[in-house]
Structure formats: structure tokens, C-alpha cells
Amino acid sequence: MKILFIINPKSGKGRDPQEIIDAVTLNFPQASWALTEAPGHATQLAQKAVQQNYEAVAAVGGDGTINETARALVHTQTALGVIPNGSGNGLAREMGMPLSVEESLLRLQTAHTVPCDAGKANGELFLNLAGVGIEAQIAYDFMQYGKSGKRGMWPYFKLGAKDVLTYRPQPMELELDGQKTTVSPLSLAFANGTQYGSNFKIAPQASLTDGWLDCVLIKNESKLKLLCALPSFFTSDPAHKGVTQTTRVKKAVLRQAGEIIYHLDGEPKTTQNELHIEILPGALNLLLPSGK
């Protein structure tokens, strides 16, 4: 297989990129590899790979690196491989890829190609999840903090705890396949895959290959009820003890006056007044390990 590995040297927990390069060349001696140098570089590298008729491009990094790589591969014959080396690794878990770089490289050797769905939010690609609400606010606040402060788990935890205590859901118009309603959700997720990562399953019945998005609304319940329901998000309970409501959709429009903060595969974004969501059935060839 003619394959290019796109490696984000800044992802992971401080691992030497040379170790990853060595593991790649050991398992795929004929493969090419490249290191990303800046945001958006993975997309450029993948675009060149498509032009050069590569059969596959494997992204080595977190969900952001995987998303960037996939942008160049939708509606092409070049397949996407995933070697998880991030924090949550939501898509990799969904695919059944081991979280060890070395083990996932072994599984990639015998992977098969499956046409999978992708999503779009205001024209931008997402593979796993997009959404608005408290998790988008936390991601946005963490991004803003990272511009001047030190990133890491402790700042993320502190910002998350603050938002949990202070976040106030706002009313918005939600149109699902033409049906309009008004909601004030704590969170509203559009799920192609089942989980955010770390086995936190927001949409246990979602599928990468069914041609639908699962629109999951987390109700603005009391903090006590939400806390009691929290363990159910690590199970296959589709209603999460009654705090979520799920609707399968092809297209959605969210309307709210002013700025809308949302996320694509965990990356925070902003838009004004409207957010358009849609599913792209079978748009991306994905290399899945045997048995998936």
C-alpha cells in the first residue's frame, strides 16, 4: 500500500517524535512520512498525497490532526488511517483502534477500507462530533486561556469547573429536518460517532456508517440529577437516566441572535446567528481494523 503518515510532533504527552517515526518505518518500511509544522499543514500534506495517488494517509495525533487530514480526503479514493496520539481519542476509540501507537500500527497493517459518513457544520468538516452548549464553552474558554496562560489538565479542570457552576443555557430555535422547536439545552451534540473520548458515550446508538447524525440534547436539569446521571454516560444507556433526548437527523439549523460558540471534534469555533449541520453519507474511506 502506498501510504503517507502525517505526524503531529506536538500531540501526545511529550513523546519524542523520532520514536514515532521509528515505529512507523519498522511497521511500514516503504511508507512516506511528514511532520506538521503549523495548524492547517496536515490538510496541505494530505492534499498533495491525493494528487500523488496515495492509497491512504494515516494521521498520527489527536482529533484535531485527524480532522485536518480528513478535510483533504473526503470524496476521494484515498483512505484515512488513524493512529491515536492525543488525549480523548474519541474517533480512534469508535474505530476500535488501540491507544498505543505501536499496537495501532500493527492493526493498521491488516485494516480494510470502509466508506464512512462525515458531518459538516457551516461548511467545515467534522468526523465524530459537533455541538453547542457547555462543552463548546469550556473548549472556547480553554483556547482563550491558552493564548496567555499555561495549557494542561489542571487549567482545563479549573475552567471546566467554573463553567459548570456559572453556565446558563440560552433559548435557541432548533430546526431538525424541517421541524422547528425552541430549546434551552445544557448541551446539544450532533454525533456521527458514539463518544467524545475517554469512553464518555454521548450517543451510544450512533454509527459512522448509517447515514444519520444523532442529535443529542442534554436537558438543563438540576445539578444533582445531572451528577446522578453522570455514570450512565460511560454505559450504553441511550437516555442517560432521562437527562438526554435523541433525534436522528440528516440536516439541522440552529438559530440564536448574536454569537454562537460551537465545536468541531473538540475544536472551538464561533459564528453569528445561524449554525447549519448536515451529514455526508459515505463521504470518507476509513481504514478500520479487522472485526470492525
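The peptide list 228-241, 44-57, put in order of mean Cβ contacts within 10 Å with the highest first, becomes 44-57, 228-241. For the chain, the residue among Tyr167, Pro281, Ala79 whose Cα projects farthest onto the positive side of the dipole built from Cβ charges is Tyr167. Relative protection proxy for 214-223, 261-270, from highest mean packing down: 261-270, 214-223 (other beta-carbon atoms within 10 angstrom). A convex hull fitted to the Cα coordinates of the chain yields 126 cubic angstrom per residue.
For the pair Glu102 and Val50, label points projected 7 Å from Cα toward Cβ lie 3.5 nm apart.
Throw me the Rg/Rh for the stretch 80-141, computed over C-alpha atoms with Kirkwood Rh, two decimals. That ratio is 1.04, to two decimals.
Helix 153-166 and the long axis of the chain differ in direction by around 20°, with both axes built from C-alpha atoms.
Note that the stretch 268-285 has calculated 3J(HN,Hα) couplings of x, 9, 9, 8, 10, 6, 9, 10, 9, 10, 8, 9, 10, x, x, 7, 9, 7 Hz, one per residue in order, obtained from phi through the Karplus relation 6.51 cos²θ - 1.76 cosθ + 1.60 (θ = phi - 60°); glycine and proline are x.
Note on Leu280/Ser32: beta-carbon distance plugged into 1/(1 + (r/R0)^6) with R0 of 41 Å gives a FRET efficiency of 0.90. Please list, by residue number, everything in the stretch 268-292 whose backbone N is under 15 Å from a paramagnetic label point 7 Å out along Cα→Cβ of Thr110. Answer for this model: 288-292. Among beta bridges from DSSP that stay inside the chain, the antiparallel ones total about 75%. For the cross-link pairs Lys223/Lys251; Lys120/Lys269; Lys10/Lys48, which exceed 25 Å when the distance is taken from alpha carbon to alpha carbon? Among Lys223/Lys251; Lys120/Lys269; Lys10/Lys48, the Cα-Cα distance tops 25 Å for Lys223/Lys251. Simple point charges give the picture: +1 on the Cβ of Lys and Arg, -1 on the Cβ of Asp and Glu, and for the chain a dipole about the Cα centre of about 540 debye. Calculated mean residue ellipticity, 222 nm, the chain: -8000 deg cm²/dmol, from DSSP H runs (n ≥ 4) at -39500 (n - 2.57) each, averaged per residue and rounded to 500.
Packing here is the average count of other Cβ atoms within 10 Å per residue, and on that basis the peptides 200-211, 78-89, highest first, run 78-89, 200-211.
So if I take the centroid of the Cα atoms in the stretch 78-116 and the same for the stretch 175-215, what is the distance between those two points in Å? For the stretch 78-116 versus the stretch 175-215, the Cα centre distance is 22 Å. Anisotropy class assigned to the stretch 3-110 is rounded, per the alpha carbon gyration tensor with a/c under the 1.5 cut-off.
Between the Cα long axis of helix 41-51 and the first principal axis of the chain there is an angle of about 60°, rounded to the nearest 10.
FYI, it's all coordinate maths here, none of it is from the lab. Predicted model only: the values in this text are computed from it and were never measured. Every residue, glycine as well, gets a Cβ built from its backbone with ideal geometry; the counts of neighbours run over all protein chains shown.
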